[in-house]
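Taking it in order: structure first as structure tokens, then the write-up.
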Amino acid sequence: MIIDGKKIAATLTQDMTLAVQKMQGRKPHLAFILVGDNSASQTYVRAKKKACVATGITSSLLELPSTIAQDVLLMEIEKRNQDPTIDGILVQLPLPSHISEAAILYAIDPAKDVDGFHPLNVGKMLLGEESGFLPCTPLGIKVLFEKSKISVEGKRVVIVGRSNIVGKPLAAILMQKKPHCNATVTIAHSQSEHLIEICQNADILVAAVGQRHFIKKEMVRPGAVVIDVGIHRLPDKSLTGDVDFAKVAPIASHITPVPGGVGPMTIAMLLQNTLKSCKNQFSLA
Ligand code: NDP
């Protein structure tokens, strides 16, 4: 069965649109900062802005040249930290090599860190503390499981990839002693031995490798759930993922497509985090 992330995200977005309509006073505001002219980053920011418009969340975009000094970028972040009408700040990654990604992410007020990358929010996530923000892609995957009625409780979840934005946080979320979590998580990476056997052992296999069609049919246990996080643009401009979908889909019990699987959920969770931040700001005011 194909997990329709686009449809699930659309339903969530509809609910959020109604919630935003009902909000008294100002609407939630998400401030984007885009450095340089990376075309993939431009596409992502455009898609996220479009989703904001559809939901009634207001947004702004500051575009800076790739030569911008780190201090100037930090100053722009601080302005947005101080602005009480801004609920979320998103600095699109990657940044040019002369800028420290850590310095930038740490400078964002954790209360406006809707990407969930600030160490304070990462710490809260690991502790299972719910007042912080969870990173959008892993949170989107968790919600996909819930909405598709796929239980991860007690299941062997194998995540291939240990990045700070997907693999590690997904492991931290799914291992929590909480409803819809309680998974037995294994993380594999480029140094893992016996990768095929590890993957074959998974009830739920998550591919966050960044290599096109890396997960082959032989790596998947028949009946397993397969989640494909990867995004790759082909020469004909179409998108594909980290999983060899055509061969794997017939043996998987559930599988996410690319496009239309995890991607739309990532954007929906960004909106959800922005709404959460706005509600937090209102309750503090
Ligand atoms: P990274 O490149 O940061 O991480 C890739 C991970 O895969 C690393 O941990 C790496 O291991 C591991 N890996 C690489 N090669 C192998 C191998 N041969 N065997 C086993 N493990 C391997 O990628 P991201 O996590 O940022 O992204 C992964 C994919 O997901 C990309 O295609 C990206 O575009 C996509 N993505 C999609 C999103 C969405 O919304 N759908 C959001 C974010 C990312 P090691 O650590 O040892 O190097």
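The values are calculated or read from the model by the stated rules, or taken from the named source; none is laboratory data. All values reported here derive from a predicted model rather than from experimental measurement. So basically every Cβ, Gly included, is an ideal-geometry build from the backbone, and we count neighbours across all protein chains shown. Protein only, heavy atoms only, side chains kept; ligands, DNA and RNA dropped before computing areas. Shrake-Rupley method; radii C 1.70, N 1.55, O 1.52, S 1.80 Å.
Quickly estimate the mean residue ellipticity at 222 nm for the chain, helices only: each DSSP H run with n ≥ 4 gives -39500 (n - 2.57), and the total goes over all residues, rounded to 500.
The per-residue figure over the chain is -12500 deg cm²/dmol.
Just to confirm the number: angle between the C-alpha axis of helix 70-82 and the first principal axis of the chain, 0 to 90 degrees, nearest 10?
Once rounded, one gets 80 degrees.
With a cap of 14 neighbouring Cβ atoms within 10 Å, and only residues DSSP puts in a loop, list the trypsin sites (Lys or Arg not before Pro) found in the stretch 161-254.
Taking the stretch 161-254 and a limit of 14 other Cβ atoms within 10 Å, the loop trypsin sites (Lys or Arg not before Pro) found are Lys177, Lys216, Lys237.
Output the antiparallel fraction of DSSP beta bridges having both residues in the stretch 136-263, as a percent to the nearest 5.
Numbers: 2 of 18 bridges.
In the stretch 136-263, approximately 10 percent of DSSP beta bridges are antiparallel ones.
What does the C-alpha gyration tensor say about the overall shape of the chain? Classify as rounded when a/c is under 1.5, otherwise prolate if a/b is larger than b/c, or oblate.
Cα axes put the chain in the prolate bin.
Of Ser192, Ser151, Ser253, which is the most mobile in a GNM of the chain whose springs link Cα atoms less than 10 angstrom apart?
For the chain, modelled as a Gaussian network with Cα springs under 10 Å, the answer is Ser192.
Taking Lys79 as the anchor, which lysines have their alpha carbon closer than 18 Å to its alpha carbon, excluding any fewer than eight residues away along the same chain?
Lys112
Of Lys6/Lys147; Lys27/Lys177; Lys147/Lys237; Lys48/Lys155; Lys7/Lys155; Lys7/Lys177, which ones are farther than 23 Å apart at the Cα?
Lys27/Lys177; Lys147/Lys237; Lys48/Lys155; Lys7/Lys155; Lys7/Lys177, as the Cα separations exceed 23 Å there.
Please list the non-local residues whose amide H lies under 5 Å from the amide H of Gly36, H modeled 1.01 Å from N, same-chain partners needing a gap of 5 or more.
For Gly36, the qualifying residues are Leu64, Ser66.
What does DSSP give for the chain in terms of the percent of beta bridges that are antiparallel, rounded to the nearest 5?
Bridges in the chain are about 5 percent antiparallel.
How high is the relative contact order of the stretch 14-102? Use alpha-carbon pairs under 8 Å, at least six apart in sequence, and give a whole percent. All intermediate terms of the calculation are to be shown ahead of the outcome.
On the way: 110 pairs, mean separation 36.4, N = 89.
Result for the stretch 14-102 is 41 percent.
Give the range of the longest stretch in the chain that excludes all GluC sites (Glu not before Pro) found in loop regions by DSSP and having at most 16 other beta-carbon atoms within 10 Å.
It runs 1-128.
Between the helical axis of 5-22 and the dominant principal axis of the chain, each derived from Cα atoms, what acute angle in degrees is found, rounded to the nearest 10?
Its long axis makes an angle of about 30 degrees.
If one takes the longest principal axis of the Cα atoms in the chain, at what angle in degrees, from 0 to 90 and to the nearest 10, does the Cα axis of helix 39-55 lie?
The two axes meet at around 70 degrees.
From Cα pairs below 8 angstrom and at least 6 apart in sequence, can you work out the relative contact order of the stretch 136-263, rounded to a whole percent?
21
Can you give me the C-alpha center-to-center distance between the stretch 1-78 and the stretch 215-285, rounded to a whole angstrom?
Each part's Cα centre sits 18 Å from the other's.
Before anything else, pin down the relative contact order of the stretch 20-162: Cα pairs under 8 Å, at least 6 apart, normalised by residue count, whole percent.
It comes to 21 percent, rounded to a whole number.
Say the dipole of the chain comes from +1 at the beta carbon of Lys and Arg and -1 at that of Asp and Glu; which of Phe245, Leu127, Val158 then lies farthest toward its positive end?
Phe245
What accessible area, in Å² to the nearest ten, does a 1.4 Å probe give for Met16?
Surface accessible to solvent at Met16 totals approximately 10 Å².
Taking the Cα centre of the stretch 148-224 as origin, work out the dipole magnitude from +1 charges on Lys and Arg Cβ and -1 charges on Asp and Glu Cβ, in debye rounded to 20.
240
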